[in-house]
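Can you read through this structure? Questions will come right after.
The values are calculated or read from the model by the stated rules, or taken from the named source; none is laboratory data. Because the structure is a prediction, the values reported are computed rather than measured. Heads up, the Cβs are rebuilt from the backbone with ideal geometry, glycines too, and the neighbour counts pull from every protein chain shown.
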Amino acid sequence: MTYSIEKPREMRLEDTALPNIFIEDILPDAEGDFVRVYLYAYMRCKQGTCLTHSQIAEALGIPLEKVLAAWRYFAEERKIVRKVRRSQTDETLYDIEFIDLKGEMYGSKKNGRTAAEHKAGGRSIIDEELKHLFERIAVIVGAPTLDGRDAEKILSWLQDDGATPEIVESAYMYGRAQSGVTTASYVGKIVKKWTGKGLRTKADAAEYLAENNARYGIYKSLMEALGLRYSVLTDAEQDKFDLWLDDYGYTPDRLLELAKNTAGIRNKLQYLGGIIKKEREKQGLGTDPGQKHTTQADREGHYRKLREKQEAEAEVRLAEVYAKIPKIKEIDDANVVLNMEYLSTLTSGKDGKKKAVESLLKRITGKQEERARLLEEAGYEPDYTDMKYVCERCKDTGLLENGASCDCFVKVR
């Protein structure tokens, strides 16, 4: 005697069991399209009808690049699938093997511990994921490796403040894009602010910035005051607002007050410009229509060029020192290796980690002191190869660490 259960005649009537681990630990942080790719491919594999990457893209109506990006994320960052390469030359030719999440998270230990023993900030943080995060941040800040002390601060954001890797990375990208500032003290304030508001993903950060960016908020208020609430802000309108705010020194409150005088006027923005022109003429200031005003984008471009110039000059000084004092290049190369070892140790779970970290920091500091001594003996200042800034207060970014505009920012013309 045998027993059997009749299978549904249509695929859509079948059920696909998914571990709650995926919903609890993976789904909250993953991009929506990535989750769609995983679930659809998982369902088809359960049915024994696995598709190619292109077929998945077509079925979901998304680009092939998005499918490949999803598998990179799940294989390299979250470690819940494995890529099985089918070609040594074409990196896109690979099969996907879905990992047993229950066994991986709560079954046999890997390297002496399970992922459940790596809980930080309410989510699973495994060593490899942290290393990848540190590598990506090093690229953002433009360094060979991440500074050890910065790595410790990032680790504290993840463990103590409940930040996600996505939010940390987004905060660094925001700091670099907005002002060129990527110091841990500056980025840390962004991370804590975003985490305090419940932001967890890159999409959360993007939505928050769109709604809360200070200058964007001013634009929005002015558009509403001018009866243009539902209009799309054009570059010309933005430049006009920037002119009044940055070059003419008008406060947002004063502009909103003047905007009240445009009630009943057809072209309110043009009329407001006329009011401002007359007001400045009465003050003996006037305007020079032949002179292009400096926008925020102009200023950011100015600072970007300054930093690029200083970076190029620093590279020339470094090459000069390497040629004259070869030992310093050996020290710099050794410190790169020590910093990588430091990061690896910092994110490991091995016994005696604290002592190992302290020992590495001591060796790194010793190398730095030896470097400074060699420079002085050769007649150089200890910071000779460092970046030099026109404005030391803001490091040629136009912004201070607290986010306020530097004095040099308003002087840029």
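Please work out if L374 is assigned to a helix (DSSP H, G or I), over 27 Å from the mean Cα position of the chain (by Cα) and modelled with pLDDT of 90 or more.
Spelling it out, L374 is indeed assigned to a helix (DSSP H, G or I), over 27 Å from the mean Cα position of the chain (by Cα) and modelled with pLDDT of 90 or more.
Still on this structure, please answer the following. Spot the failing condition for V81; the list is (1) modelled with pLDDT of 80 or more; (2) closer than 23 Å to G198 by Cα; (3) among the β-branched types (V, I, T), and only one is missed.
(2)
If E315 satisfies every condition in (1) modelled with pLDDT of 85 or more; (2) touching a helix residue (DSSP H, G or I) at 6+ places or on another chain (Cβ under 8 Å); (3) under 29 Å from Y174 (Cα atoms) but one, which is the exception?
Among (1) modelled with pLDDT of 85 or more; (2) touching a helix residue (DSSP H, G or I) at 6+ places or on another chain (Cβ under 8 Å); (3) under 29 Å from Y174 (Cα atoms), the lone unmet condition for E315 is (2).
For (1) in contact with a Cys (Cβ under 7 Å, 6 or more places away or on another chain); (2) surrounded by fewer than 16 Cβ atoms within 10 Å (Cβ to Cβ); (3) of a type outside the set (V, I, T), each residue gets a yes or a no:
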| site | (1), (2), (3) |
| --- | --- |
| P28 | no, yes, yes |
| K46 | no, yes, yes |
| L51 | no, yes, yes |
| V67 | no, no, no |
| Y73 | no, no, yes |
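Do you know which residues across region 22-74 are in a loop (DSSP other than H, G, I, E, B) and more than 27 Å from R136 (Cβ to Cβ)?
Hits for region 22-74 are Q47, G48, T49, C50, L51, T52, G61.
Separate question: Being assigned to a loop (DSSP other than H, G, I, E, B) and modelled with pLDDT under 75 is the filter; apply it to region 112-144 and report the residue that is surrounded by the most Cβ atoms within 10 Å (Cβ to Cβ).
Within region 112-144, the subset assigned to a loop (DSSP other than H, G, I, E, B) is 112, 114, 121-122, 125-126, 142-144.
Checking the rest, the ones that are also modelled with pLDDT under 75 come to 112, 114, 121-122, 125-126.
On the way: G112: 9, T114: 17, G121: 17, G122: 11, I125: 19, I126: 21.
Within region 112-144, the match that is surrounded by the most Cβ atoms within 10 Å (Cβ to Cβ) is I126.
Looking only at region 146-159, decide whether some residue is among the β-branched types (V, I, T), within 20 Å of L338 (Cα to Cα) and not assigned by TED's automatic domain parsing to the domain that holds R78. It would help to see each step written out before you state the result.
Applying the first criterion (among the β-branched types (V, I, T)) to region 146-159 yields 154.
Retained after the next criterion (residues that are within 20 Å of L338 (Cα to Cα)): 154.
From what's left, not assigned by TED's automatic domain parsing to the domain that holds R78: 154.
Yes; the residues of region 146-159 include at least one that is among the β-branched types (V, I, T), within 20 Å of L338 (Cα to Cα) and not assigned by TED's automatic domain parsing to the domain that holds R78.
Just need a number here: residues in region 259-282 that are charged (D, E, K, R) and under 16 Å from M223 (Cα atoms).
Residues that pass the stated criteria total 3.
Are any residues in region 243-271 hydroxyl-bearing (S, T, Y) and either touching a strand residue (DSSP E or B) at 6+ places or on another chain (Cβ under 9 Å) or over 29 Å from C406 (Cα atoms) (or both), and if so, which ones?
Hits for region 243-271 are T262, Y271.
Same structure again: So which residues in region 390-401 are in a loop (DSSP other than H, G, I, E, B), out of contact with any Leu (no Cβ under 8 Å at 6 or more places or on another chain) and surrounded by 14 or more Cβ atoms within 10 Å (Cβ to Cβ), if there are any at all?
The answer is C391, K395, T397, G398, L400, E401.
Does A143 fit the bill of being of a type in the set (A, V, I, L, M) and over 11 Å from the mean Cα position of the chain (by Cα)?
For A143, the condition - of a type in the set (A, V, I, L, M) and over 11 Å from the mean Cα position of the chain (by Cα) - is met.
Looking at D204, is it within 13 Å of the chain's Cα centre (by Cα) and in a helix (DSSP H, G or I)?
Values: within 13 Å of the chain's Cα centre (by Cα): yes; in a helix (DSSP H, G or I): yes.
Spelling it out, D204 is indeed within 13 Å of the chain's Cα centre (by Cα) and in a helix (DSSP H, G or I).
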